[in-house]
Amino acid sequence: MPRGTLEVVLISAKGLEDNDFLSSIDPYVILTYKSQEHKSSVQEGAGSNPQWNETFLFTVSDSASELNLKIMEKDNFTNDDNIGEVVIHLDAVLEEGSLPETTYNIVKDQKFCGEIKVALTFTAERNIERSYNADDEIIGGWQQSARDY
């Protein structure tokens, strides 16, 4: 499994179920990769078609291959409502390095609840190995200081 940084650009959503009676919904997204979690800003009054254009970074260091997005609706007087979820399999972005803006279906209880648009970029960690060279120790190393005495 490659190691590196996964950049997630949360762009927008459309067709979200608007279940608020008196006003438009205030959606936000919880993004989770293994134990790492980020939360987008709340798009107050955005209704069914919010725009975020926010970027989140995750450290990839093991075999987890899914990014989970939970689309929530902010409520002021009760618990926030779960609008739906998306599971994004990361195999393609880990191999290719990036995926352009892609639309994913939001699902709750096996029912379509809208769409969310996300772009992904994976930057692999560079493994720089330095070979040992005895000449490196001559200048400024212990050999030079030993000669000074």
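Scanning region 32-76 for residues that are without any contact (Cβ under 8 Å) to a residue 60 or more places away in the chain, in a strand (DSSP E or B) and closer than 17 Å to residue 103 by Cα yields 51, 52, 53, 54, 55, 66, 68, 69, 70, 71.
Take residue 48 and decide whether it is more than 15 Å from the chain's Cα centre (by Cα), among the small types (Gly, Ala, Ser) and surrounded by fewer than 16 Cβ atoms within 10 Å (Cβ to Cβ). Spelling it out, residue 48 is indeed more than 15 Å from the chain's Cα centre (by Cα), among the small types (Gly, Ala, Ser) and surrounded by fewer than 16 Cβ atoms within 10 Å (Cβ to Cβ). Of the strands (runs of 3 or more DSSP E) lying entirely inside region 78-126, those carrying at least 2 residues that are surrounded by 12 or more Cβ atoms within 10 Å (Cβ to Cβ) and free of Cβ contacts under 8 Å to residues at least 60 places away in the same chain are 81-89, 98-108. Per the listing 88, 71, 83, the residue uniquely modelled with pLDDT of 85 or more and touching a Cys at 6+ places or on another chain (Cβ under 7 Å) is 83. When only residues in region 9-31 that are assigned to a strand (DSSP E or B) and open to solvent by 30 Å² or more (accessible area, probe 1.4 Å) count, which is farthest from residue 117 (Cα to Cα)? Here the answer is 30. Within region 4-32, the set of residues being under 24 Å from the mean Cα position of the chain (by Cα), of a type in the set (A, V, I, L, M, F, W, C) and modelled with pLDDT under 95 comprises 16, 25.
The values are calculated or read from the model by the stated rules, or taken from the named source; none is laboratory data. Everything numeric in this text was worked out from a predicted model, so none of it was measured. Heads up, the Cβs are rebuilt from the backbone with ideal geometry, glycines too, and the neighbour counts pull from every protein chain shown. For the accessible areas, the whole protein counts, side chains as well, though only heavy atoms, and no ligand, DNA or RNA atoms are used. Shrake-Rupley method; radii C 1.70, N 1.55, O 1.52, S 1.80 Å.
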